[in-house]
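Accompanying notes for the structure given below.
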């Protein structure tokens, strides 16, 4: 039996510094923040890391710092949603990438106008025991379906996320048929646990890491304020039900997920509006 730490982290796609940050005596550029992310990963030691909102510059800077630290990690590039994994523990068997289509059949509007919403997949063999695992990281459409959201409103956004996630689920289910092994999907789904998108995954037989963790589960939502005009503690509901970062598991053996946890030290606040979240899973 091997225990894998599987993490998701939206790292805020921002390569340059902003005037508001300079006024605070801070620097939000990718080269500066990359040092912090490298610290997170060397401290928490994820075996597989799914990233969202990652620029080529940020990926290069993070990997440079990890290499300097002697951390045994490899990068599997996929635009905006790359995968980082421990090459000393895992062998890459298969991989893929998809940028979601801009249009959703039956619904008017553009739901990937900047071509930043995508998914990356990988199939890994655990070197210790030979077992296989399918992994995917994704970032779904961000706007809200509630007209009260003002500038963040766009009609049919819930339907778009439902469509995008189920496109990924179809692909992962094909991999599950091919490789006959568990699958873990992580990502910023830009929607809460009770949403049609997340509930559709549960309806297809997936389970949420929060629901099945047997030793510990973090009750926070993992989100705070960190944008071009600065950063601060985010004034929003703190419970898990408000979380938009999720970990879904298919073919999950009973009792396999030990922990569902977030990394939330105060020093992390200037790095991203999303705290990293992970599961420890026995395979």
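Before moving on, here are some points about what is shown:
- Test result for residue 167, surrounded by fewer than 17 Cβ atoms within 10 Å (Cβ to Cβ), part of a helix (DSSP H, G or I) and either touching a residue at least 40 places away in the same chain (Cβ under 8 Å) or within 14 Å of the chain's Cα centre (by Cα) (or both): yes
- The sole residue among 172, 186, 214 that is modelled with pLDDT of 95 or more, in a strand (DSSP E or B) and out of contact with any helix residue (DSSP H, G or I) (no Cβ under 8 Å at 6 or more places or on another chain) is 186.
- Checking each residue in region 129-164 for being part of a helix (DSSP H, G or I) and closer than 21 Å to residue 199 by Cβ picks out 149, 157, 158, 159, 160, 161, 162, 163, 164.
- Sole exception among (1) more than 19 Å from residue 140 (Cα to Cα); (2) touching a residue at least 12 places away in the same chain (Cβ under 8 Å) for residue 211, by number: (2)
- Filter pass, residue 219 being surrounded by fewer than 21 Cβ atoms within 10 Å (Cβ to Cβ) and either modelled with pLDDT of 95 or more or in contact with a helix residue (DSSP H, G or I) (Cβ under 7 Å, 6 or more places away or on another chain) (or both): yes
- Residue within region 50-57 that is out of contact with any helix residue (DSSP H, G or I) (no Cβ under 7 Å at 6 or more places or on another chain) and assigned to a helix (DSSP H, G or I) present: yes
- Screening 119, 41 for residues that are assigned to a strand (DSSP E or B) and within 16 Å of residue 10 (Cα to Cα) leaves exactly one candidate, 119.
- Residue 32 being under 21 Å from residue 266 (Cα atoms), surrounded by fewer than 16 Cβ atoms within 10 Å (Cβ to Cβ) and touching a strand residue (DSSP E or B) at 6+ places or on another chain (Cβ under 8 Å): no
- Test result for residue 180, surrounded by fewer than 22 Cβ atoms within 10 Å (Cβ to Cβ), modelled with pLDDT under 95 and either over 23 Å from residue 98 (Cα atoms) or in contact with a strand residue (DSSP E or B) (Cβ under 9 Å, 6 or more places away or on another chain) (or both): no
- In region 231-261, residue nearest to the chain's Cα centre (by Cα) [restricted to those that are modelled with pLDDT of 95 or more and closer than 23 Å to residue 30 by Cβ]: 245
- Search result, residues across region 60-116 that are part of a strand (DSSP E or B) and surrounded by 16 or more Cβ atoms within 10 Å (Cβ to Cβ): 73, 75, 76, 80, 83, 84, 85, 86, 90, 97, 98, 104
- Within region 145-164, if we keep just the residues that are touching a helix residue (DSSP H, G or I) at 6+ places or on another chain (Cβ under 6 Å) and modelled with pLDDT of 95 or more, the residue that is surrounded by the fewest Cβ atoms within 10 Å (Cβ to Cβ) turns out to be 153.
- The residues on offer are 91, 22, 53, 60, and the sole one that is closer than 22 Å to residue 280 by Cα and at pLDDT 95 or above is 91.
- Hits in region 263-273 - residues which are surrounded by fewer than 24 Cβ atoms within 10 Å (Cβ to Cβ) and touching a residue at least 24 places away in the same chain (Cβ under 8 Å): 263, 264, 267, 268, 269, 270, 271, 273
The values are calculated or read from the model by the stated rules, or taken from the named source; none is laboratory data. Here the structure is a predicted model, which is why all the values come from computation and not from measurement. Methodologically, a virtual Cβ is constructed for each residue, glycine included, from the backbone with ideal geometry; neighbour enumeration extends over all protein chains shown.
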